[in-house]
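The values are calculated or read from the model by the stated rules, or taken from the named source; none is laboratory data. Since this is a predicted model, take the numbers as computed values, not measurements. Note that we place each Cβ from the backbone using ideal geometry, even for glycine, and neighbour counts take in every protein chain shown.
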Amino acid sequence: MSWERVGNVVAFPVTPVMRKQGCIAKNRLAELRVLFVDDDPFMREITAEILSTMGVGHVLCASDGSEALGLVDDPITYPDVIICDIAMPNMDGIVLIRHLANRDFRGSMILLSGTSDRIIGAVADLVRRRGMRLLGAMVKPINPAMLEQLLSGSQHADSEVDAARLSQFNTILSGEELRRGLESGSVFITVQPKISTATREVVGAEALLRWRDSVRGTILPPAVVSSAEAHGLIDDLTLCIFREAVRSLAQFCAAGHSMSISVNLSVENLATLDLPERLLRIAAQEGADPRRVTLEVTESRLMGNLATSLEVLGRLSLAGFKLSMDDFGTGYSTLEKLKQLPFDELKVDRAFVSGATHDTVARTILRSCIELGHALGLTVVAEGIETGGDRDLLASLGCDEMQGYYFSRPMLPEEFLHWVKAFHEQPIGLR
Ligand code: C2E
Ligand code: MG
Ligand code: MG
């Protein structure tokens, strides 16, 4: 077998002969780009052989975390799945996981350990807590059948990986592009319904920003938000999204629905002392009631200047807005912040939701988050409901509201009311 060597990183092309060895039917695997990270050259060679024989289209190898990050940072080699040994010299698997989370890695991970499955359990927990998708974990030696089964689970992550590739590498917007885009209507919102667990009715929606670009297509939020933060335009972006969101809310309410709308804030918005007044003014102009607006702030980013954030959040709360701690569980000093800040809602990160039906650790975390939220008098929302099993589990755990692809992907506001009508026409048992 031949392969290409780039420094210490080896990329194994899959030859037609390998495909003929019983692996042709696996179109899915043929499209996958899998990165195997292990310091042992023998393991790398064997595993690359196994993956290739299985029909994986693009197999990349790296001998430690730094090399792996080099591949993640390159759009040509950005992997769909990383199979990672935990113990490695230089940068080990645990540090690699932190760096991947900082890069908002949207692919999936499989963990490998040469020793016991206790450490592997702890690291698996860490991957989920960092908000990444874990396909599974294995103690060496690699069992090819099990590996193939785990890889087949990466399927539903595809669109996200494509989006991440796009947003990470092709769409960093310049200040000029942002300014022009904000004026010319390149920014728009999609809305994703939130469902009450008790009544199975739609109680609101989350507004998620999109950027329409004539050359690059639709750009997803992280690239737009980080560009706006970098160019000092995050307040303009947030106010623009907020206006669209409350305008939609006013329309939903005018059509007779008792709904709320959630809008994501950047932590940087919380440094703007007159944010409450500005949001109130826009809500009034659009005819929306602030008490029907929930402002979501991502927990992991609530660090920095907590005093200023506290002042602004406190005044937003006094103004009648509801406050939600988004992506709960992915941050560091969660409990302390929950105590300090005037939140109304806790939104459990989808890392704990996906997989909780078959993973006892994720389920335990999920249950504790819900209990904690309720003990603090908060509404608990679970995001990332992808299956009927997720829905049933969350209902049995007493979660108040649910949101996720199982109910609907984000849609344009003008489609929303039709969707709500069709949803409510279904028998309750099916919702
Ligand atoms: P978020 O606020 O936690 O929003 C949920 C994200 O999860 C959305 O991604 C949504 O499309 C996705 N999602 C919903 N249901 C499912 C599901 O069942 N499975 C999976 N795998 N994903 C699901 P999106 O739209 O790409 O947004 C990503 C993040 O960008 C948001 O996470 C939020 O933190 C940020 N964001 C979005 N819109 C805005 C905005 O207007 N302002 C700011 N500052 N941030 C925003
Ligand atoms: Mg959110
Ligand atoms: Mg979230």
Could you give every pair whose Cβ atoms fall below 8 Å, whose first residue belongs to region 232-253 and is in the same structural domain as G287 (by TED's automatic domain parsing) and closer than 15 Å to I189 by Cβ, and whose second residue is basic (K, R) and at pLDDT 95 or above, counting only separations of at least 6 or pairs across chains? L239/R278; L249/R292
Only one residue in R350, R367, R431 is of a type outside the set (S, T, N, Q) and without any contact (Cβ under 8 Å) to a residue 40 or more places away in the chain, so which one is that? R367
If we ask which residues in region 396-405 are closer than 17 Å to D326 by Cα and more than 9 Å from ligand 1 (Cβ to nearest atom), their number turns out to be 4
So D349 passes all but one of these: (1) under 27 Å from M132 (Cβ atoms); (2) buried (at least 21 other Cβ atoms within 10 Å of the Cβ); (3) touching a Leu at 6+ places or on another chain (Cβ under 9 Å). Which condition number does it fail? (3)
Looking at (1) within 22 Å of P141 (Cβ to Cβ); (2) in contact with a helix residue (DSSP H, G or I) (Cβ under 9 Å, 6 or more places away or on another chain); (3) not basic (K, R), can you tell me which one A48 breaks? (2)
Selection status of L275, farther than 27 Å from I195 by Cβ and modelled with pLDDT of 95 or more: yes
Scan A30, A25, A11 and give me the residue that is at pLDDT below 90 and in a strand (DSSP E or B). A11
Quick one: which of F343, F352 is aromatic (F, W, Y) and under 28 Å from V123 (Cα atoms)? F352
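Yes/no per residue for (1) within 16 Å of ligand 1 (Cβ to nearest atom); (2) of a type outside the set (D, E, K, R):
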site	(1), (2)
D326	yes, no
R350	yes, no
T360	no, yes
C369	yes, yes
V381	yes, yes
I385	yes, yes
D390	yes, no
L394	yes, yes
Taking the stated definitions as given, is G373 surrounded by 13 or more Cβ atoms within 10 Å (Cβ to Cβ), in contact with a helix residue (DSSP H, G or I) (Cβ under 6 Å, 6 or more places away or on another chain) and assigned by TED's automatic domain parsing to the domain that holds I189? no
Answer with yes or no whether T330 is touching a helix residue (DSSP H, G or I) at 6+ places or on another chain (Cβ under 6 Å), buried (at least 18 other Cβ atoms within 10 Å of the Cβ), part of a loop (DSSP other than H, G, I, E, B) and in the same structural domain as V225 (by TED's automatic domain parsing). yes
Might you check whether a residue that is away from ligand 3 (no atom under 16 Å from the Cβ), at pLDDT below 95 and hydroxyl-bearing (S, T, Y) occurs anywhere in region 243-250? no
Note: among A48, A87, just one is surrounded by fewer than 24 Cβ atoms within 10 Å (Cβ to Cβ), touching a Phe, Trp or Tyr at 6+ places or on another chain (Cβ under 8 Å) and aliphatic (A, V, I, L, M), namely A48
Can you list the strands (runs of 3 or more DSSP E) lying wholly within region 35-132 that have 2 or more residues being farther than 30 Å from K347 by Cα? 58-62, 108-113
